[in-house]
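Report on the following structure.
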Amino acid sequence: MAIMELPESVEMTTTATTSGIENLNSDLNHSVRRRRGSNGFEAVSAIDSSDANTSEDRRDVCGSGAGLETVNERSKSVGESSDVIRKEEDRNDNVANGEESKSTETTTTPFKFAYRASAPAHRRIKESPLSSDAIFKQSHAGLFNLCVVVLIAVNSRLIIENLMKYGLLIRAGFWFSSKSLRDWPLLMCCLSLQILPLAAFLVEKLSLQRRLTERAVVTLHITITTAAILYPVLVILGCDSAFLSGVILMLVACIVWMKLVSYAHTNHDMRQLAKSTDKDETSDGDYSYDVSFKSLAYFMVAPTLCYQLSYPRTPCIRKGWVARQFIKLVIFTGLMGFIIEQYINPIVQNSQHPLKGNLLYAIERVLKLSVPNLYVWLCMFYCFFHLWLNILAELLCFGDREFYKDWWNAKTIDEYWRMWNMPVHKWMVRHIYFPCLRNGIPKGVAILIAFLVSAVFHELCIAVPCRLFKWWAFSGIMFQVPLVILTNFLQNKFQSSMVGNMMFWCFFCILGQPMCVLLYYHDVMNRKSSAR
């Protein structure tokens, strides 16, 4: 009847095994509680002899194989606990800073460790965030936000104080006088300037057909470019127009002049290359020379001053993007007018000439005017170079939109002039600087000639609309030449970008072009007040 007794023995064995497992689980939980203590902070090594005896009992009950398995599991759990200790030590810094994430009640590891008093708080060499070795490795977005908040708060107080003292001073007569007929000659002059590119195209077309000699082509181009400047100057001086209308017309005239010079110079160079290619039949270069009215028309409206037959183009026009940029243009133009009318105008009217009278009083006036003038200049830069030129480029699918570089990081005056106005810089390099070098002119003299051309056009754009030829703008631009030498010397001596950049901002904000603009504005206000 052994077969009948088999289930009974199996049942007894199963019962014994089940009870052994239950005892094993209870003893394990009891040992865990004893090791952790009441607060769970006791070390893992706190295993006494009772735990060892308990493990021997488990081997007797569960058998040798089960006992070995249990020992292996315990060894594995102890090893895992050691890993937890190492990981916990790495998280001690985060626990001290309150960065430890909230742990859940049920975790895969049966032990919880906290920041112990005996754990080391200092583990490695560290620098302070604002030290010279680590200042550029940290993010200073919070300090930048603080500067923005302080700037907004301070300027808001100044705006309220100005409104309480002067009231709303914005008037349209200084900027626009569309109700009067005195500005219409300037508009007709601006529209009639577009005849000059057509005349330049006819000259190049006749030259391509070999109906004009090279001397005649050069003479006609000189006549056309000279008319592009003299005609607007005579119109502005002959009409009592608004200041802004005269500035806009002179800017348009200077742009047309530079475009016509680039058009004539580029076509002349292409003719020379075509002739040299015809003479040298073995040349591998392809210098095809063509005169296209379509390319000239696109060039006259494109946001560039350097003529070429084709430009990099974008595939489409982003209408929504153009609308957003146009809204920004209107907002910042209004802000610029508000600062001029509300701040600069009252300060100038209530002051004497900066170069006349008490020196300390003149310095105080210049410093007081330099801040709002800097705001106006920054608004002008953002409106024209970023918003308007990008809008025009988007509408014309013009691809190269590097209209400026990071001139605010310039370490010298030389770097500033090479980065802040890229269309003019490229024109100067292409049509003045390198032609001077190719003709044997030294590098220093070529740079001086480039500054001389820039000074003449700055004087025309400001003095002609003001009807005051004080040569402040011309002197201000030419004064940049010794400043270039000085800032280059300081940069080479200190070898620090911060020193050079601070010197650049100092000269730029107080002693540079804004100073000349302030002087002209002061003279204009005095002339208007004396004429009343």
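Some observations on this one:
- Residues whose amide H falls under 5 Å from that of PHE398, counting only those 5 or more places apart or on a different chain, are THR314, with hydrogens built in the peptide plane.
- Segment 403-531: C-alpha gyration tensor shape, a/c 1.5 cut-off, then a/b vs b/c: oblate
- In order along segment 252-263, the Karplus-derived 3J(HN,Hα) couplings, from 6.51 cos²θ - 1.76 cosθ + 1.60 at θ = phi - 60°, round to 5, 5, 5, 5, 4, 4, 5, 5, 5, 5, 5, 5 Hz, and Gly and Pro are given as x.
- 29 Å Cα-Cα threshold exceeded, pairs from LYS405/LYS443; LYS470/LYS493; LYS328/LYS405; LYS294/LYS426; LYS328/LYS426; LYS165/LYS405: LYS470/LYS493; LYS165/LYS405
- Rounded to the nearest 10 Å², the accessible area of THR487 at probe 1.4 Å: 0 Å²
- Each peptide in 398-406, 117-125 was scored by the mean count of other Cβ atoms within 10 Å over its residues; highest first, the order is 398-406, 117-125.
The values are calculated or read from the model by the stated rules, or taken from the named source; none is laboratory data. Please read all numbers here as calculations on a predicted model, not as lab measurements. No Cβ is skipped: glycine too gets one built from the backbone with ideal geometry, and neighbour counts run over all protein chains shown. Remember, those area values only see protein heavy atoms, side chains included, never the ligands or the DNA or RNA. Shrake-Rupley method; radii C 1.70, N 1.55, O 1.52, S 1.80 Å.
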